[in-house]
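Note sheet for the following structure.
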Amino acid sequence: KHEVVVVDDLTSGRLENLGSSIEENRVRFMRQNICESLSIDGNVDFVFNLASPASPPRYMEMQRHTLLTGSIGTKNGLELAAEKEARFIQASTSEIYGDPIEHPQKETYWGNVNPIGPRSCYDESKRFSEALCIAYANELNVNIGIARIFNTYGPRLNPIDGRVISNMIRQSFANEPLTVYGDGNQTRSFCYVSDLVEGFIKLMFSKAGITGPINLGNPVE
C-alpha cells in the first residue's frame, strides 16, 4: 500500500479528479505552488514532477508561471528528492523536439526548436527541467528518470484544452467545422491516459534505475 501526497495549486487541475481517493484517506492533498519550498514530513520514496500547464491556450496565457514552474518548481522537487534520497521522475514532453524534421522522433533526436517562438515558454521550461535533472544526478547523485509525454487523451479531458482531440470532439458535438491544422498533412502520436500512467509506474519501479529520457507515446503516428 502506498501513501500519496499531492501538491498542486489547481492552476490547471480540479480537486474533484481525485474523487474517492481523498475521501478514503488514500491521498493527502496540499494546495501549494511548487515554486514555493517543498516540505514533506516522514520518508519519501518517489517524487513525481507532473506540474506545468500543458494546454497551449493556458500556457500562452501564463508564460512566466510556466517557465518558473519548469525551473524553480523542478529545482524544489529535486531538492526534496535529494533530501529524502528519493527517486525523482520528471514529466517532460514531446515538445522537447520542437517542430521535428524526424518522424517518429527517437530519444536521441535533438530536435528543431525555436527558443523564442510562440510555444517557447513551455518548450524551454521542459528542456531546462531535463538539464536540471541531469545536473542533480551528476553532482548530487539524485536518482532520476525522465519521461517525454506525447499527445495524451482520455476521460475528463478539458473540452477547451486547445489540443487536437479535445477540439475535434467538442466541435463534433457542437456541429461546428473541424479545425484542420497546417495543410492537413501533420501527424501525431496519440497515447491513452492509462497507458501513459502504466509507463510512468514502470519507469518509477525500474530495477535498472532507468534515467532516460524515454518517450511515452504511440510508435505509430
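Model label sites at GLU102 and VAL193, defined 7 Å from Cα along the beta-carbon direction, differ in position by 3.1 nm. Placing +1 on each Lys and Arg Cβ and -1 on each Asp and Glu Cβ, with no other charges, gives the chain a dipole about its Cα centre of roughly 160 debye. Rounded to the nearest 20 debye, the dipole magnitude of region 113-221 is 180 debye, with +1 charges on Lys and Arg beta carbons, -1 on Asp and Glu beta carbons, and the Cα centre as origin. Of the residues LEU50, LEU78, LEU18, the one that moves most in a GNM of the chain with alpha-carbon contacts below 10 Å is LEU18.
Kindly state, to the nearest 0.05, the FRET efficiency for GLU221 paired with ARG14, given R0 = 30 Å and r defined as their beta-carbon distance. Kindly include the intermediate steps, with their values, before the conclusion.
Details: r = 30 Å, r/R0 = 1.01.
Calculated transfer efficiency: 0.50.
Secondary-structure-derived ellipticity at 222 nm for the chain, considering helices only, amounts to -9500 deg cm²/dmol, per-run term -39500 (n - 2.57) for DSSP H runs with n ≥ 4. Remark: the Cα gyration tensor places region 63-221 in the prolate category, a/c being 1.5 or greater and a/b exceeding b/c.
Can you list residues from other chains, or at least 5 along the same chain, whose modelled amide H is less than 5 Å from the amide H of GLY145? It is PHE88, ILE89, GLN90, by chain and number. Taking the protein heavy atoms of the chain in the context of the full set of protein chains, the accessible area attributed to carbon and sulfur is 52 percent at 1.4 Å. Compute the Cα gyration tensor for region 147-221, then decide on rounded, prolate or oblate, letting a ≥ b ≥ c be the square roots of its eigenvalues: rounded whenever a/c is under 1.5, prolate when a/b is larger than b/c in the other cases, and oblate in all that remain. Verdict is prolate for region 147-221. For the chain, find the longest principal axis of its Cα atoms and tell me its angle to the long axis of helix 164-173, 0 to 90°, nearest 10. Around 60 degrees separate the two axes. Extension gain, ASN138 to SER21: 0.36 nm times the residue separation minus the Cα-Cα distance gives 38.5 nm.
Taking amide H as placed 1.01 Å from N in the peptide plane, VAL7 has its amide H under 5 Å from the amide H of MET30, each at least 5 places away in sequence or on another chain. A 1.4 Å probe run over the protein chains yields, for region 12-94, 56 Å² of accessible area per residue, whole-number rounding. For region 1-130, what class follows from the C-alpha gyration tensor (a ≥ b ≥ c being the square roots of its eigenvalues): rounded when a/c is under 1.5, otherwise prolate if a/b is larger than b/c, else oblate? The shape class here is prolate.
The values are calculated or read from the model by the stated rules, or taken from the named source; none is laboratory data. Fair warning: this is a prediction, and the values are worked out from it, not measured in the lab. Please note: Cβ atoms are built from the backbone with ideal geometry, for glycine as well, and neighbour counts cover all protein chains shown. Calculation scope for accessible area: heavy atoms of the full protein, side chains included, ligands and nucleic acids excluded. Shrake-Rupley method; radii C 1.70, N 1.55, O 1.52, S 1.80 Å.
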